[in-house]
Every structure is written in C-alpha cells, then in structure tokens.
Amino acid sequence: MWQKFTEDFYFNFIEKDRWLYLVDGLKITLTVTLLAVILGIVIGLIVGVIRSTYEKTHKLKILNFICNLYLTVIRGTPVVVQLMIIYYVIFGSLRVDKVPVAVLAFGINSGAYVAEIFRSGIMSIDNGQFEAGRSLGFNYPQTMWYIIMPQAFKNILPALCNEFISLLKETSVAGFIALQDLTKGGDIIRSITYSATMPLLAVAAIYLIIVIIFTQLIKCLERRLRQSER
C-alpha cells in the first residue's frame with residue numbers, strides 16, 4: 001500500500017515537476033483573494049455607511065435605494081454566474097487579463113456581504129456616541145469617522161476575517177473563466193495523469209491547511225481584542 005502511495009505521489013507531483021501547477025495555482029488563489037478582500041472592504045464600507053446613515057437619519061434615500069438594489073442582486077445570484085457575466089459578457093469583446101476580472105467579480109460579491117457586516121457594526125454602537133460627537137462640535141461625517149468607525153471596526157474585525165476565509169474558498173470557481181488557480185492546477189494534473197484521487201486530495205489538503213492557519217490567527221486576534229477590552 002505504501003509503495004503504491006509513493007508511486008502515485010511521484011507520478012502525480014514529482015514527475016515532470018507537476019507540483020508546480022499547484023504552487024502557481026496557489027499564488028493566483030492567494031493574490032485574487034487578497035485583492036478581492038481589499039476591494040470588498042472598500043465597497044462594503046461605502047455601502048454600509050450609506051445604509052446605516054439612512055437608517056439613523058433617513059437621508060441619502062436615492063443612494064440607499066441603489067445600495068439595496070446592489071445587495072439584492074449580488075446576494076441573490078451565485079458568484080460563479082457573476083464571474084462569468086463579468087468575463088464573458090461585460091469584458092467579452094476585450095482581451096483582458098483574467099486575474100483583474102476575477103478580483104473584480106469576487107470583490108463585488110464580497111462587498112455585498114461586507115456591507116452588512118459594516119452596517120451591523122455601526123448600528124450596534126449606542127446613539128449616545130453620536131450625541132457625544134455633536135457635543136464635541138463634530139458634524140455627522142466627523143462623528144462617524146473619528147468616533148463610530150473605530151469602535152465598529154473593532155467589533156466586526158473577526159467577522160471580516162471570517163469573510164476572508166469564505167472568499168478564499170469561493171475563488172475555487174475561478175476555473176470557469178480558465179483562470180489557473182489552485183483548483184484548476186489540480187484539475188490540470190488530473191487531466192494529464194488520469195488520476196483524480198491524488199490531485200484532488202492535495203488541493204483539498206492545501207485549502208484545509210490555509211483555512212486552519214487563518215482560523216488560528218483569527219482566534220489569536222479575538223483573544224487580543226477581548227484582553228484590550230478589560
């Protein structure tokens with residue numbers, strides 16, 4: 001059994017340096033995830049602030065309507081469909097690099113969920129904090145930026161980290177636009193060796209290891225946040 005395992009391992013990964021497909025794919029996966037998270041946070045922050053502002057002051061009615069439409073469409077459709085629409089429909093007539101398209105698609109999708117995280121974080125802050133800001137002479141934007149957002153961001157930071165983990169796994173569908181991410185790298189090895197077990201288990205193991213590492217980092221972060229509150 002051990003001999004067969006070593007032979008399969010050599011045939012799938014060592015021979016002709018096929019393991020490089022996984023390494024190159026992992027680089028693409030992490031790059032897309034990191035950039036998409038940044039884009040998602042920017043979009044989510046803007047949408048979350050607009051929605052929470054409307055709920056507290058009933059201002060920005062038109063912008064709030066647009067944000068609600070965005071949330072409904074993005075959260076109501078699969079991310080793989082959004083990815084293919086952006087690549088094959090919106091950029092279909094252009095020769096664009098697949099990585100920016102994937103970042104855009106996953107960032108827009110993530111932004112819809114991050115927006116609700118930001119909104120819930122802002123709404124969790126007591127209204128007395130807004131009154132304290134006004135007593136200091138701050139207007140609404142200044143109160144939001146200097147008083148509300150630091151507290152809200154501290155509360156939602158673990159949720160944002162969990163969104164990063166979710167997004168990392170969602171990027172596995174990037175192969176639908178022929179982007180050679182980690183999952184696609186394993187699929188390429190499978191198509192060459194005609195062996196599905198070893199490449200797929202390797203891909204699953206890599207995802208699992210990355211998720212475990214980030215989960216432990218999130219737990220450490222949560223402990224630090226709890227300690228700072230004491």
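The values are calculated or read from the model by the stated rules, or taken from the named source; none is laboratory data. Here the structure is a predicted model, which is why all the values come from computation and not from measurement. Positions of Cβ are generated from backbone atoms using ideal geometry, with glycine treated the same way; all protein chains shown enter the neighbour counts. These accessible areas exclude ligands, DNA and RNA; they are computed on the full protein's heavy atoms, side chains included. Shrake-Rupley method; radii C 1.70, N 1.55, O 1.52, S 1.80 Å.
Results, tabulated for the structure shown:
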| item | result |
| --- | --- |
| Per residue accessible area in Å² of region 88-230, where ligands, DNA and RNA are left out and the probe is 1.4 Å | 55 |
| Packing rank of 158-171, 81-94, where each peptide gets the mean count of other beta carbons within 10 Å, highest leading | 158-171, 81-94 |
| Separation between Cα centres of region 145-188 and region 1-19, rounded to whole Å | 32 |
| Relative contact order (%) - criterion: Cα under 8 Å, at least six apart; region: region 19-229 | 31 |
| Residue pairs, from the table K4/K219; K27/K61; K16/K169, whose Cα atoms sit over 30 Å apart | K4/K219; K27/K61 |
| Cut-off 14 Å, label 7 Å out along Cα→Cβ of F11, residues of region 168-207 by amide N | 190-199 |
| Acute angle (nearest 10 degrees) that the helix 98-123 long axis makes with the longest principal axis of the chain, alpha-carbon atoms | 40 |
| F214 versus S166: modelled label distance in nm, points set 7 Å from Cα along the beta carbon direction | 1.2 |
| Fraction of accessible area attributable to carbon and sulfur, the chain (%, probe 1.4 Å) | 66 |
| Helix-only mean residue ellipticity at 222 nm for the chain, each DSSP H run of n ≥ 4 adding -39500 (n - 2.57), per residue, nearest 500 | -25500 deg cm²/dmol |
| Acute angle (nearest 10 degrees) that the helix 19-57 long axis makes with the longest principal axis of the chain, alpha-carbon atoms | 20 |
| Full-extension gain in nm, T77 to L94, via 0.36 nm per residue minus C-alpha separation | 3.7 nm |
| Shape category assigned to region 3-120 from the gyration tensor of Cα positions, a/c cut at 1.5 | prolate |
